[in-house]
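Every number in this text was worked out from the coordinates using simple rules, so none of it is lab data. Computed from a prediction, not measured in an experiment: that's the story for all the values here. Methodologically, a virtual Cβ is constructed for each residue, glycine included, from the backbone with ideal geometry; neighbour enumeration extends over all protein chains shown.
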Amino acid sequence: MLEFIEEHWRDGIEILVLTFLIYQLYRAFRATRGAHILVGLGLILVGLALLTQIFDFEVIGWLISRSAIFLAFALIVIFQPELRNGLARLGSSRLFSFSENRRLAFVERLADAVVLLSKKRIGALFAIQRDITLKEQLETGVVLDATFSPELAMSVFYPKSPLHDGGMVIADDRVAGAACVFPVTEKEMQDRSTGLRHRAAIGLTERTDAIAVVVSEETGSISISEGGTLSRNLTEKQFREKISEIFFSDPSSNETETNQKLARKTSVSSSGDRDMVSD
């Protein structure tokens, strides 16, 4: 047994590495259109390989061995979006660029704005930039440079506002742009009620490390998307806890105090709940 381990321990490590890579590949491509292409190509290659081994098809075997390099290039072209998104997430960190005090103040303003929009059932889509720049999305909208506030969010997303149709990009706790177009996810959504705002939120967080917050126009429900995963139908308390967890993910003594401050704000203050515009 010891001799076998000494002789083949490298093979065991190689199997573990390949298993890990295959699993990560599966996680990256599942629930995407590219997954169907990958499964189809895999079935064709396995089928041809079996036929070649059983019936000793020399020509088919020769074609498979010679076309392997061209198939590799084809896979890179077909799965270029998924590969780019995976590498972008791999090279990004979870830290926001601004200080903790500024983060706390911004999170409180963001939570107030989202809750206010939810109560009035005004549809909204926020994208909060982290390490990966959202310059590409900013170029599709109107560039701004303003301090974020609930009043500004209400003005932008009011249905008759020229900038309401699209997403708001927030960078370093400031509004960088509005009416921006975000990429829509290519995932096959099981829930047919998932609207365009939610699909855009998922698509943006699949391609970047940004955080997307969605307020449904029909129901007023609140959703958060991070890393291509959408958390839907959050209550006000759940939203405040979730956004606090995202911004203050490092365990420290200040995190508990931050969560308590945000949890106590179960309703928007009287100054923030007044009508920004006439109904």
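Apply 1/(1 + (r/R0)^6) to the Cβ-Cβ distance of residue 147 and residue 188, taking R0 = 45 Å, and write down the FRET efficiency to the nearest 0.05. If you can, show how the numbers build up before the last one.
Values: r = 40 Å, r/R0 = 0.88.
The value I calculate is 0.70.
Highest mean packing comes first when the peptides 112-118, 38-44 are listed by Cβ atoms within 10 Å, giving 112-118, 38-44. Subtracting the Cα-Cα distance of residue 76 and residue 43 from 0.36 nm times their residue separation leaves 10.0 nm of extension gain.
Taking label points 7 Å from Cα along the Cα-to-Cβ direction, residue 25 and residue 7 give a separation of 3.0 nm. Length gained on full extension, residue 181 to residue 14, computed as 0.36 nm times the residue gap minus the Cα-Cα distance: 55.8 nm.
For an R0 of 41 angstrom, estimate the FRET efficiency from the Cβ-Cβ distance between residue 238 and residue 54 and round to the nearest 0.05. Write out the running numbers ahead of the final one.
On the way: r = 57 Å, r/R0 = 1.39.
My answer for the efficiency is 0.10.
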